[in-house]
Amino acid sequence: FRVKDKSLWIIGAGPDKTILVTKAGYGVFFDNCPEAGIRGVSITGGVRDTSGMATDAGIVVRGSRVTVENCWIRDNTQYPESLIVGIGGVMGREGAELYIMNNRITNNTWDGVALYRGATATIADNVIHQGRGAGVGVTWDATATVMRNQVSQFWKGIGSFGATRVICKNNVVFHCLGWGIIATVT
């Protein structure tokens, strides 16, 4: 599902009633959207692109201002065994401005939420559970406010890597294989 150059809201009847089975690496892709959002849907059934460089996720945002709320991003699990990276929950790429609130992001095969290359996000009141990679990963020069989330069963909990700026408060991070919360500097 690709939304390009539009201000558009996708509103479902609730994540148990409105289910998007994407069968794609970029499940719902917002590209150059001035004001968009998605609410009340499940996004599932993703299939990883064969390129290990792709930022595959249930929701991918580039150059757009997008609100993701009351969604269930789940079970995006199909990827070739030859690749280490799988499919994430929400990925913010170049120029993304994201508001990720009150979602369940569960049982995906990579990061729960990841921000790259100048993306900004407010990530609040989500359950981010079970995946590989980081529950929340902020990298390159991205910025984020991460608060009141429950993050569990990832390799890494919440991480700030490189030239990032992160405000992280009142999160519960548990049962991660590596570390809970980390900040590194370049």
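The values are calculated or read from the model by the stated rules, or taken from the named source; none is laboratory data. All values reported here derive from a predicted model rather than from experimental measurement. As a convention, Cβ positions derive from the backbone with ideal geometry for all residues, glycine included, and neighbour counts pool all protein chains shown. Remember, those area values only see protein heavy atoms, side chains included, never the ligands or the DNA or RNA. Shrake-Rupley method; radii C 1.70, N 1.55, O 1.52, S 1.80 Å.
Against the numbered list (1) open to solvent by less than 50 Å² (accessible area, probe 1.4 Å); (2) in a strand (DSSP E or B); (3) among the hydrophobic types (A, V, I, L, M, F, W, C), residue 154 comes up short only at (2). Looking only at region 43-52, decide whether some residue is open to solvent by less than 20 Å² (accessible area, probe 1.4 Å) and assigned to a strand (DSSP E or B). Yes, some residue in region 43-52 is open to solvent by less than 20 Å² (accessible area, probe 1.4 Å) and assigned to a strand (DSSP E or B). When restricted to residues that are small (Gly, Ala, Ser) and farther than 17 Å from residue 88 by Cα, region 1-49 contains 7.
Residue-wise test of (1) surrounded by fewer than 24 Cβ atoms within 10 Å (Cβ to Cβ); (2) hydrophobic (A, V, I, L, M, F, W, C); (3) at pLDDT 95 or above; (4) farther than 20 Å from residue 58 by Cα.
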site: 88; (1), (2), (3), (4): no, no, yes, no
site: 111; (1), (2), (3), (4): no, no, yes, no
site: 130; (1), (2), (3), (4): yes, no, yes, no
site: 145; (1), (2), (3), (4): yes, no, yes, yes
site: 164; (1), (2), (3), (4): yes, no, yes, yes
site: 169; (1), (2), (3), (4): yes, no, yes, yes
site: 176; (1), (2), (3), (4): yes, yes, yes, yes
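The numbered conditions (1) modelled with pLDDT under 95; (2) under 24 Å from residue 25 (Cβ atoms) are all true for residue 120 except (1).
Within region 25-42, not a single residue is within 19 Å of residue 131 (Cβ to Cβ) and surrounded by fewer than 21 Cβ atoms within 10 Å (Cβ to Cβ). Take the conditions (1) open to solvent by 10 Å² or more (accessible area, probe 1.4 Å); (2) under 21 Å from residue 135 (Cβ atoms); (3) of a type in the set (A, V, I, L, M, F, W, C); residue 61 misses just one of them, which is (1). Restricting attention to region 65-83, the residues that are touching a Phe, Trp or Tyr at 6+ places or on another chain (Cβ under 9 Å) and either more than 16 Å from residue 123 (Cα to Cα) or open to solvent by 10 Å² or more (accessible area, probe 1.4 Å) (or both) add up to 5.
The set of residues in region 106-138 that are in a loop (DSSP other than H, G, I, E, B) and of a type in the set (Gly, Ala, Ser) comprises 112, 118, 119, 131, 133.
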